[in-house]
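In what follows, a single structure is set out as structure tokens and then discussed.
Read-outs throughout are calculated quantities, based only on the coordinates presented, and are distinct from any laboratory measurement. In this text, all values refer to a predicted model and were calculated from it rather than measured experimentally. Note that we place each Cβ from the backbone using ideal geometry, even for glycine, and neighbour counts take in every protein chain shown.
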Amino acid sequence: MKACIIGAGPSGLVTAKVFYQRGLPFDCFEKGSDIGGLWRYENDSGLSPAYASLHTNTSKTKTAFSDFPMPEDYPDFPSHAQLLAYFERYVEHFGFRHTITFRTEVVRVEPAEEGTYDVTVRHRDTGATRTERYDAVIVASGHHWCPNWPEVPGTFDGEVMHARDYRTPDVLRGKRVLVVGAGNSACDIACEAAYHARDVLLSTRRGAHVIPKYLLGRPLDLWLTPFTARLPLAVQRALFRLLVYLARGNQRRYGFPVPDYPLGAEHPTISTELLPLIGHGRIRVKPDLRRLEGRQVHFADGSTETIDLIIYATGYRVAFPFFNPAFLEVRDNYLPRYLHVVPPDYPNLYFIGLVQPLGSIMPLAEAQAEWVADLLEGRAGLPSREAMWRWIRREDAWRRRRFVPTKRHALEVDFYRYLRQLRRERRRGRRRPPRQALGKGLKEASDE
């Protein structure tokens, strides 16, 4: 028997690499024709939100996997094409490409007897389906692919699209464009529109703290270290607020609203261009939408604008269409998991990369994969179901204190704090009796 890995994006790749090095038997299924997930521009899986101008918001130093640094000639913030090339070299270097089955979609995952799962896959070329039983299922299919559409009263006669489907500025030229949202994609698209569209409006419900990619000449995330992450939260916020102020001054001076929560209480909106473009009048800021009427958009402040194209950069819903909702359902983007990986009530089911860190996901997915490999090798065990649920309740309470309690932050973690939690759990897990050993008998694994 073996494990099933769903997805060959960054999280699926690092999981496959770790399992391959450990000698754990597995199948990895990828809907698209090649690796990369969301970082493969125009991925034929139909799930990638990458646009032509996309670059990382985390530096190459903090984004790379631990045993495979990015090339020195890469810029601080690589493009999607450079990151994809990095993944391709990663797979070639560690030699596990043959373990991935491409153009094969996982259409159903159902619990079977004694903690196993029946996984049904469909080949996209032939339409043929087959079902196989697995000892464990590792979900690494990402959470930036299912668009979240806001409910706005009325009807709009112009063009409408979600940021997931935006690719190039051709669709913007000569149009009056409204971008809805204040996250990273919204800011990127609004800034690009400022150079191509006839008029650009950016609608935000309550604003955001906009942080430049560089603070005093250093990439933003290089200021975040294991040491600073251990400082009291109030001290962290004060130091970060000072750095951001020195880099860009008072945000209100540019004409962009400052939210009513402190800097660091939300997932960061990172943009070097947005505030200057607002200050130059190239982007006009509007409040929340109230109603649509033909080509007219009515806003919360009573103003009305004529718009040709609305781009909803309103985030994504966490969705796993291969699970029956009666078995497992995500509510408001929240799925309770021990250490953000293990659902206590579903043995041998694991989620890799299903977090939204203040930092890069990739090193955290790597640490998660190493821990799951420990469990499947029989080197470590999990706490009791009751202990896992206690941890989940404590972590959920911490998250609601630490971040704005919205569904946008349902997956939020502090990078270094979470990394410490995973490393601590790996140490503790080795002192617990293992529950499963993949590919060999439990007794044999326990005797090693």
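Quick one: work out the % antiparallel among DSSP beta bridges in the chain, nearest 5.
45 percent
The DSSP beta bridges internal to the range 149-312 are antiparallel in roughly 30% of cases. Within the range 1-133, DSSP assigns beta bridges of which about 70% are antiparallel (rounded to the nearest 5).
Pairs K17/K62; K2/K60; K175/K286; K60/K213: which exceed 24 Å Cα-Cα? The answer is K2/K60.
Measuring max minus min along each principal axis, the C-alpha atoms of the range 322-448 give extents of 47, 35, 26 Å (largest first).
For the chain, a Gaussian network of Cα nodes joined below 10 Å ranks L354, L13, L216 by mean-square fluctuation, and the top entry is L216.
Electrostatic tally near F323: other residues with Cβ closer than 9 Å to its Cβ, Lys and Arg +1, Asp and Glu -1, net -1. Treating r as the C-beta distance of A326 and E113 and R0 as 25 Å, the FRET efficiency rounds to 0.90. Compactness check for the range 144-195: Cα Rg over 2.2 N^0.38 Å is 1.16. Whole-percent P(r), the range 141-252, all Cα pairs, 10 Å bins from 0: 11, 32, 30, 21, 7, 0. By how many degrees, 0 to 90 and rounded to 10, does the Cα axis of helix 233-248 deviate from the longest principal axis of the chain? Approximately 40 degrees, to the nearest 10. Computed from Cα positions, the angle between helix 361-377 and the longest principal axis of the chain comes to roughly 20 degrees.
All other residues with a Cβ under 13 Å from the Cβ of S185 taken together, and with Lys, Arg as +1 and Asp, Glu as -1, what is their net charge? Neighbour charge sum, excluding S185 itself: 0. To the nearest ten degrees, helix 415-429 and the longest principal axis of the Cα atoms of the chain are 10 degrees apart. For the chain, the extents of the C-alpha atoms along the principal axes are 70, 54, 44 Å, listed from largest to smallest. Here the gap between E159 and T228, fully extended at 0.36 nm per residue and compared with their Cα-Cα distance, gives a gain of 20.2 nm.
Among 336-343, 150-157, how do they line up by average Cβ neighbours within 10 Å per residue, starting with the highest?
With the highest mean Cβ count within 10 Å placed first, the list reads 336-343, 150-157.
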